Amino acid sequence: MATGRGTGPAVVLGVDSSTQSTKVVAREVRSGRVRFLGRAPHPPTTPPRSEQDPEAWWAALSGLLARVRAEVDAPVAALSVGAQQHGMVVLDAADRVLRPAKLWNDTESAEDAARLVAELGPGTWATRTGSVPTAAFTVTKVAWLARCEPEVHARVSHLLLPHDWLTWRLTGARVTDRGDASGTGYFDPAGGQWLPELLERVGLDPRVVPSVLRPTEAAGTWQGAVVGPGTGDNMAAALGLGLQPGDVAISVGTSGTVFVRADRPTADPTGAVAGFADARGGFLPLVCTLNAAKVFDRVAALLGVDLDTFGRLALGAPPGAGGLTLLPFLDGERTPNLPHASGVLRGIRSDLTREALARAAVEGVACLLLEALDRLAEQGVPVGGRLLLVGGGARSAALQR
């Protein structure tokens, strides 16, 4: 069923709600031709406290949907939301947002993560949830809420992820999918079900979570258009790329992720590889770093240049950047799990050049991502297929090189 507005060929809408912005693309169903591409920014955040008001996401999405209506003379047949993983959105019994959403790169729950891992042991977490929780995971943010804001924690009636909340605003249905759910720390990706005892461990009634839709099940409708189940951003990327087993995607956004599509679940007790589910019914072993394209942005700003010039500077220095090394843990790091770390610039000499500094930044991020790829291989995950570089930072010619 398509909405009745517009006379041209029907379109479908893809929504990406990331840390930095909401993006919407409209494509014709039959031809795939792009009819609309728009972006609306979100408020900036700076870890260790990284929070956003979910209403800012809705304002961004609503504005873009209004533009689609005004600019695209075609009925909308369907849409679906992909959004940043792990974020904690808590609502009261009247469906009001209780506090700003804690995002994936908020590291204030590091001590809660350490306590939860110590209580059950990393092996148990990996076996039960596919992952060992770090400060990124929703379960640790709920534990932080119980410890630091007990009066808010006591009022939680609904616990949603960012894509769940946006789907609810579109349809009125509180639903999620197995892919995004697998990043919470209280979901079993192998069995495809919530783990009530882990929610109870952080003080919540298991009834606060949404229902889990199957990959092809509709969440509801928006103005007559079918709304798909949606998923987390990495799962959406794997689906859009058409990843085949063995293919490796390296996503370079604010954070960096390296992931593959797999037919079997993984359970890494070291915590390096997150054993997520994907959006198709399979699995998505993934390694995440907190620092990726943001490193390019920061060093380019220090050099007073745009990103294209930054890339040309980096390519103007020799491999190894003349001995200059940038350890890019600017806002702590998730892999390795060092939430309180900071960056290190080593090897500065009196002959330091702008080119060397730019090169050191690119090499630091590249080595961090390639180390993540090594972690996947160490877990026996097949990584012999295509290598696909995606995300805003993937546009960097220096990183591609």
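Can you list the residues of the range 273-287 with backbone N under 20 Å from a point 7 Å past the Cα of Thr171, pointing along Cα to Cβ?
Inside the label zone: 277-282.
Roughly how many debye, to the nearest 20, is the charge dipole of the chain about its Cα centre, given +1 on each Lys and Arg Cβ, -1 on each Asp and Glu Cβ, and no other charges? Intermediate results must be reported in sequence, preceding the final value.
Numbers: 39 positive and 40 negative charges, 189 e Å.
For the chain, the charge dipole is close to 900 debye.
Would you be so kind as to identify which of Ala74, Gly347, Val15 lies farthest towards the positive end of the dipole of the chain, taking Lys and Arg as +1 and Asp and Glu as -1 on Cβ and the Cα centre as origin?
It is Ala74.
Using 7 Å Cα-to-Cβ label points, what is the Glu371/Ser31 separation (nm, one decimal)?
Taking the simple label geometry, Glu371 and Ser31 are separated by 4.8 nm.
Based on DSSP H runs of at least 4 residues, each adding -39500 (n - 2.57), what is the mean residue ellipticity at 222 nm of the chain after dividing by all its residues, to the nearest 500 deg cm²/dmol?
On the way: 13 runs with 130 residues, N = 401.
After summing the helix terms and dividing by residue count, I get -9500 deg cm²/dmol.
Which whole number in µm²/s is D for the chain by Stokes-Einstein, with the Kirkwood Rh taken over Cα pairs at 20 °C and 1.002 mPa s? Intermediate results must be reported in sequence, preceding the final value.
Numbers: Rh = 21.7 Å.
Rounded, D is 99 µm²/s.
Would you mind getting the accessible area per residue of the chain, heavy atoms of the protein chains only, 1.4 Å probe, in Å²?
Numbers: 16470 Å² over 401 residues.
Dividing the accessible area of the chain by its residue count gives 41 Å².
If DNA, RNA and ligands are ignored and the probe is 1.4 Å, what is the ranking of Cys148, Cys288, Cys367 by accessible area, most exposed first? Please report the intermediate quantities before stating the final value.
Values: Cys148 60, Cys288 10, Cys367 85 Å².
These residues rank, largest area first, as Cys367, Cys148, Cys288.
Students sometimes get this wrong: rank Ser211, Ser109 by accessible area, probe 1.4 Å, all chains present, largest first.
Values: Ser211 65, Ser109 0 Å².
Correct descending sequence by accessible area is Ser211, Ser109.
Would you mind pulling out the separation of the Cα centroids of the range 250-267 and the range 366-391, in Å?
Computed from Cα coordinates, the inter-centre distance equals 8 Å.
Round to the nearest 0.05 the FRET efficiency obtained for Arg386 and Glu119 when R0 = 35 Å and r is the Cβ-Cβ distance. Intermediate results must be reported in sequence, preceding the final value.
On the way: r = 41 Å, r/R0 = 1.16.
For Arg386 and Glu119, the calculated efficiency is 0.30.
Specify whether the C-alpha gyration tensor of the range 14-126 places it in the rounded, prolate or oblate class, a ≥ b ≥ c being the square roots of the eigenvalues: rounded for a/c under 1.5, otherwise prolate if a/b is larger than b/c and oblate if not.
On the way: a/c = 2.66, a/b = 2.09, b/c = 1.28.
Since a/c reaches 1.5 and a/b is larger than b/c, the shape of the range 14-126 is classed as prolate.
Is the shape of the range 190-287 best called rounded, prolate or oblate, per the rule: a/c under 1.5 gives rounded, else a/b larger than b/c gives prolate, else oblate, with a ≥ b ≥ c the square roots of the Cα gyration tensor eigenvalues?
oblate
Within the range 296-311, whose backbone N sits under 20 Å from a point 7 Å along Cα→Cβ of Ile348?
It comes to 296-305, nothing else.
Taking the Cα centre of the range 289-401 as the origin, how large is its charge dipole in debye, to the nearest 20, when only Lys and Arg (+1) and Asp and Glu (-1) carry charge on their Cβ atoms? Please list the in-between numbers first.
Values: 12 positive and 11 negative charges, 27 e Å.
The dipole magnitude comes to about 120 debye.
For Thr46 and Asp95, compute 0.36 nm times the residue count separating them, minus their Cα-Cα distance, and round to one decimal in nm. All intermediate terms of the calculation are to be shown ahead of the outcome.
On the way: separation 49, 0.36 × 49 = 17.64 nm, distance 2.75 nm.
Going from the current span to full extension adds 14.9 nm.
Could you calculate the contour length gain from Ala59 to Gln244, that is, 0.36 nm times the residue separation minus the distance between their Cα atoms, to one decimal place in nm? Working shown, then result.
Values: separation 185, 0.36 × 185 = 66.60 nm, distance 3.57 nm.
Answer, rounded to one decimal: 63.0 nm.
Which helices count as membrane-span-like in the chain under these terms: full DSSP H, at least 20 Å along the axis by C-alpha, Kyte-Doolittle mean of -0.5 or more? Before the final figure, lay out each step's value.
Working: long enough: 54-71 (26 Å, 0.22); 354-378 (36 Å, 0.60).
Counting only whole DSSP H runs, the qualifying helices are 54-71, 354-378.
Could you work out how much longer the chain between Ala394 and Leu338 gets when fully extended? Use 0.36 nm per residue separation minus the Cα distance between them, nm to one decimal.
Numbers: separation 56, 0.36 × 56 = 20.16 nm, distance 2.49 nm.
The Ala394-Leu338 span can extend by a further 17.7 nm.
Is the range 294-333 best put as rounded, prolate or oblate by its Cα gyration tensor, with a ≥ b ≥ c the root eigenvalues, rounded for a/c under 1.5, and otherwise prolate when a/b is larger than b/c, oblate when not? All intermediate terms of the calculation are to be shown ahead of the outcome.
On the way: a/c = 2.52, a/b = 1.12, b/c = 2.26.
Taking the square roots of the gyration eigenvalues as a ≥ b ≥ c, the range 294-333 is oblate.
Arranged from highest to lowest average of other beta-carbon atoms within 10 Å per residue, in what order do the peptides 165-172, 201-208, 85-92 appear? Intermediate values should be presented prior to the final figure.
Details: 165-172: 21.5, 201-208: 16.1, 85-92: 24.9.
Most protected by this proxy first, the peptides run 85-92, 165-172, 201-208.
Under the definition of Cα pairs under 8 Å and six or more residues apart, what whole-number percent is the relative contact order of the range 200-345?
Computed over the range 200-345, the figure is 15 percent.
The values are calculated or read from the model by the stated rules, or taken from the named source; none is laboratory data. Everything quoted here is computed from the prediction, not taken from an experiment. Cβ sites come from the backbone with ideal geometry, for glycine too, and all protein chains shown count toward neighbours. What goes into the accessible areas is simple: the full protein's heavy atoms, side chains included, and nothing from ligands, DNA or RNA. Shrake-Rupley method; radii C 1.70, N 1.55, O 1.52, S 1.80 Å.
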